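Visitor: Provided herewith is a single structure, encoded as structure tokens, for subsequent inquiry.
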Amino acid sequence: SDLVYVRDYGGRAGLSEVQTIIEATVALNNVLRCAHEATVILRDHTIIDDSSDRSLCGTIVDTILQCDVPQIGSYVSEHIDVDIIKSTSGKGSRRASGALLQVQHCFALRNSANFGILEVKRKAFSDAVEEIFRHYEQTKSQYKINSLKVTFTGKRGYVFSYSEQEQHLLPEGEYFGKVLSTRTVTCTSNTLVRLNDKLTDATVEIVTASESAISAFVPFFRFRMGHLQALAESLALLDLIQSHATLAMRYPSHRCTPTLAEPADRLVTVDGAVILTDGPGQRQNDFIFDDHSRLMLLTGPNASGKTSLLTLFSHLTVLTQIGALLPAASATMCITDRIVAIMPSCDTVDVGTSSFLNEMR
């Protein structure tokens, strides 16, 4: 959606819009890579077959193959430098942030009508970064600060950070804006301020020079938005299936296929339901609701598991109706049209805090 719903000012994208499109295209490149890898894995492991009775995984693969992934991927690779994306992405292809995100904004675009201007501005950007690190080496050598590092913050740009124990080594007049946080001091200098301004100016000029090429992305992806949405939904569904399969293999003794009761029966019988956690002492719970028992009144002291039991039953209901395995020995569930409950999201079984304790905090 970031690639399509970009505000249009007289046919030209603004600075923030250009940056948004670059980031969205980088994210799309990761999605396309995942789609290709998923298709290859599903085919190599013979999960899908050619019979008329198609499996869910086969349907997912069919949907991915109909989404013009090669054409979209070729277009992205033609305009975005994939090597830059790989080198500036976090672990596991996570979204870049801070200084790496700034580098993506400046160097991700492969070509443009203003390519000559881009190269000049990119060189100015690189020179400024090199000057910052030369300034860092000189400062560290001059004042003998072993813990001195260069860090990047969104508000201040590049700053120096060092141990609180060595803050007396830098002179107050030349190095200013000191901020102490968790035994680490950050500060800047006149040279750093000047070089950060130079970097900001170079970034703005690079992004502005990229505007003509970036603006062409919008109609291309807008025309293929249906395919992109189907691709995203297919990968999300595949991720959901994989998560449930992982849990089923991780806890083989706590899984069952629920039986659906007749709508008129409103019967619920669950034996040996557990909360899947790596902590010790998994306690099994039973639930019985029938014509003779439609109400459960649950009492107990703080941190005794009342909210956990309510959460467990709600999870069993949802998992049943999406067709997933249940963490129980056996279960008969009825179709439910709503769940009305108060389940604080801050409750965590692994931490062992109760709802009352979190409310008091």
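Visitor: Take the residues in segment 182-202 that are under 12 Å from TYR162 (Cβ atoms) and of a type outside the set (A, V, I, L, M), then tell me which one is modelled with the lowest pLDDT.
Guide: Per the stated criteria, the residue is ARG183.
Visitor: Taking into account only those residues within segment 301-317 that are open to solvent by less than 40 Å² (accessible area, probe 1.4 Å) and of a type outside the set (S, T, N, Q), which is farthest from PRO258 (Cα to Cα)?
Guide: GLY305
Visitor: To continue, here is another question. If a residue has to be charged (D, E, K, R), part of a helix (DSSP H, G or I) and open to solvent by 70 Å² or more (accessible area, probe 1.4 Å) to count, how many in segment 54-91 make the cut?
Guide: So the count comes out to 3.
Visitor: Within segment 156-178, which residues are among the small types (Gly, Ala, Ser) and part of a loop (DSSP other than H, G, I, E, B)?
Guide: Hit for segment 156-178 is GLY173, nothing else.
Visitor: I'd like the residue in segment 265-275 that is modelled with pLDDT under 80 and open to solvent by less than 90 Å² (accessible area, probe 1.4 Å) and, out of all such residues, is nearest to THR332 (Cα to Cα).
Guide: ASP265
Visitor: Is it true that ALA324 is over 27 Å from PHE356 (Cα atoms) and not aromatic (Phe, Trp, Tyr)?
Guide: The answer is yes for ALA324.
Visitor: Among the residues that make up segment 99-114, is at least one of them open to solvent by less than 80 Å² (accessible area, probe 1.4 Å), farther than 26 Å from THR186 by Cα, charged (D, E, K, R) and within 33 Å of the chain's Cα centre (by Cα)?
Guide: No, segment 99-114 has no match at all.
Visitor: Take segment 244-258 and flag every residue that is in a helix (DSSP H, G or I), open to solvent by 50 Å² or more (accessible area, probe 1.4 Å) and free of Cβ contacts under 8 Å to residues at least 40 places away in the same chain.
Guide: Within segment 244-258, THR246, MET249, ARG250 qualify.
Visitor: Could you tell me which residue of segment 32-53 is modelled with the lowest pLDDT, considering only residues that are open to solvent by less than 80 Å² (accessible area, probe 1.4 Å) and assigned to a helix (DSSP H, G or I)?
Guide: For segment 32-53, the residue satisfying everything is LEU42.
Visitor: For the structure I just gave you, tell me whether MET296 is over 29 Å from the mean Cα position of the chain (by Cα), open to solvent by less than 40 Å² (accessible area, probe 1.4 Å) and at pLDDT 80 or above.
Guide: no
Visitor: Then there's this: Looking at segment 134-155, is at least one residue outside any helix (DSSP H, G or I), hydroxyl-bearing (Ser, Thr, Tyr) and open to solvent by less than 20 Å² (accessible area, probe 1.4 Å)?
Guide: No; the residues of segment 134-155 include none that is outside any helix (DSSP H, G or I), hydroxyl-bearing (Ser, Thr, Tyr) and open to solvent by less than 20 Å² (accessible area, probe 1.4 Å).
Visitor: Exactly one condition in (1) on the phi > 0 side of the Ramachandran plot; (2) of a type in the set (D, E, K, R); (3) surrounded by 13 or more Cβ atoms within 10 Å (Cβ to Cβ) is false for GLU211; which is it?
Guide: Failed condition: (1).
Visitor: Of everything in segment 169-199, what is open to solvent by 60 Å² or more (accessible area, probe 1.4 Å) and small (Gly, Ala, Ser)? Give them in sequence order.
Guide: GLY173, SER181
Visitor: Which one of GLY154, GLY173 is out of contact with any Lys or Arg (no Cβ under 9 Å at 6 or more places or on another chain) and closer than 15 Å to GLN102 by Cα?
Guide: Within the list GLY154, GLY173, the selection yields GLY154.
The values are calculated or read from the model by the stated rules, or taken from the named source; none is laboratory data. As the structure is a prediction and not an experimental result, all values here were calculated from the model. Glycine gets a Cβ as well: all are built from the backbone with ideal geometry, and neighbour counts include every protein chain shown. In case anyone asks, the SASA skips ligands and DNA or RNA and just uses the protein heavy atoms, side chains included. Shrake-Rupley method; radii C 1.70, N 1.55, O 1.52, S 1.80 Å.
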